Amino acid sequence: MNTAAFVIISIFTLSAAVAAATLRKLMHAALSFAVAFVGVAGLFFLLGAEFVGLVLVFVYVGAVAVLIVFTILLTRRDVEKDRGFNWAGIVVAVAVLAGLAAAIFKTQSFAVTMPQAPALTVKQIGEALMTNYVWPLQCVGLVLTAALIGALVLVMEDREEVKKVK
Amino acid sequence: MTPTLQIFLVTSAALFSIGLLAALSRRHAIFILIGIEMMLAAANLNFIAFWRFGPQPLQPIGVMIAIFAIAIAAAEAAVGLAMVIAVYRHYRTTNVDQLDQLKG
């Protein structure tokens, strides 16, 4: 694995994430969010999990980012008023980062040398999904269907209210 | 020299902290959802890193957990954004500080 590629991708990812978290304009933040997820997918590629990286790009950059942009456009009236920024959040985030980093560097039980790159093909992942993981797969399908119906019910116009307005 | 597991974990911890910062300090509901998605991505990065550096990279356990976590995160994002739209339709705002009707 290439160290230079890792450094470049991680700096790219983290700066895009900081931009997504701190930019004033919502639309710019949503686009930085998509860029940050491209960077995370790059890290997945670097780790040899190409399929998960592709799924991440499809789901986040393709679907979730578009959903966020649609939501921003639908709730546009107070987009410009996002001036509030709670500075206590920075203190908490830095404290969490320091604690996690201290724990990571203190622990000695990790195998730090990387094993040989596993040749995990999409065929193997598909076979595992259809054999060992078929029950979780069906449950995820059920959850996704329930989420779809729930989202529709949440945003559905109330019939009587619409009539009243008319 | 190749990157070690620690470096990946620190990157993931940094991504998690940035997501936490977005979820805690922004007032706009969409930013909170963006922060939660970033925290979930950091967790996925941890799963993949531990799978890659683990003793048995031939068994696709880490990959499977990451795929299922991505699916659940997508469902969560859809429901969360629908809730943002519903709240906006009711209160005409998406600023979470103004949604204090249940405050005693």
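No value in this document is a laboratory result; all are computed from the given coordinates. Source: prediction; values computed, not measured. Methodologically, a virtual Cβ is constructed for each residue, glycine included, from the backbone with ideal geometry; neighbour enumeration extends over all protein chains shown.
Selection of region B:15-25 for residues being free of Cβ contacts under 8 Å to residues at least 24 places away in the same chain and facing chain A (nearest Cβ under 7 Å) yields B:17, B:18, B:20, B:21, B:22, B:24, B:25.
Of all the numbered requirements in (1) farther than 23 Å from residue A:119 by Cα; (2) of a type in the set (S, T, N, Q); (3) touching a helix residue (DSSP H, G or I) at 6+ places or on another chain (Cβ under 7 Å); (4) more than 9 Å from chain A (Cβ to nearest Cβ), residue B:46 misses one, and that requirement is (1).
To keep it simple, each residue is scored yes or no on (1) closer than 30 Å to residue A:126 by Cα; (2) of a type in the set (A, V, I, L, M, F, W, C); (3) outside any helix (DSSP H, G or I).
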| position | (1), (2), (3) |
| --- | --- |
| A:11 | no, yes, no |
| A:24 | no, no, yes |
| A:48 | yes, no, yes |
| A:54 | yes, yes, no |
| A:62 | yes, no, no |
| A:71 | no, no, no |
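Taking the listed residues A:44, A:37, A:6, the one that is out of contact with any Lys or Arg (no Cβ under 9 Å at 6 or more places or on another chain), farther than 16 Å from residue B:41 by Cα, facing chain B (nearest Cβ under 7 Å) and assigned to a helix (DSSP H, G or I) is A:6, with no other qualifying.
Residues are listed down the side, and each one gets a yes or a no for (1) within 29 Å of residue A:2 (Cβ to Cβ); (2) more than 7 Å from every other protein chain (Cβ to nearest Cβ); (3) without any contact (Cβ under 8 Å) to a residue 12 or more places away in the chain:
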site	(1), (2), (3)
B:10	yes, no, yes
B:36	no, yes, no
B:42	yes, yes, no
B:77	no, no, no
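Selection of helices (runs of 4 or more DSSP H) fully inside chain B by the criterion of at least 3 residues being charged (D, E, K, R) returns nothing.
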